[in-house]
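For reference, the structure is listed below as structure tokens.
Where a number appears in this text, it was derived from the coordinates with a stated rule and is not lab data. Just so we're clear, the structure is a prediction, and the values are computed from it rather than from any experiment. Cβ atoms come from the backbone with ideal geometry, glycine included; neighbour counts cover every protein chain shown.
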Amino acid sequence: MKHLLLIILLANSLVGLNSCKKDSSESRILINFINKTGSEIQSATADNIQIGNIADNEQTGFISFDHFRTDTQMPDCDFIGILQNDTLNSTAKFYFCGTEKSQLKAGQYNIEIKLSTIGSNKYFDLHFR
């Protein structure tokens, strides 16, 4: 009888431990970048995470981020890459006010990369899809 009680207590504690285990996929931010610039983006990085090359109209697949910022519900990351031999930054570098900055919640997101011209300079322009 003591052995049966011990086995039941042990089984319940193991079940309890498993129920407290957090699924890591639920706590991650997964971003899929989609290139809509009309040209290949080479050596792309987002917030110092290496993405690599993204062909025109192609996507990266979901990349895991610990943190990802937004500003006025727009992607706010330091996105840099080479487009037609020119190194471009993203328009997010102009998000300086900070009144609507927040962290993205865990989940899967698609971000389209387009081009924007300000004056004579080109920038990557990121938008949630």
Just subtract the alpha-carbon distance of GLN42 and ASN121 from 0.36 nm times their residue separation and send over the number in nm, one decimal.
26.6 nm
Positive dipole terminus of the stretch 24-128, leading residue within GLN42, ASN121, GLY81 (C-beta point charges):
ASN121
If you take every DSSP beta bridge fully contained in the stretch 68-129, what fraction is antiparallel? Give it as a percent rounded to 5.
95 percent
Counting only DSSP beta bridges with both residues in the stretch 24-128, tell me the antiparallel percent, nearest 5.
80 percent
Where does each of 30-37, 118-125 land if you order them by average Cβ count within 10 Å, highest first?
30-37, 118-125
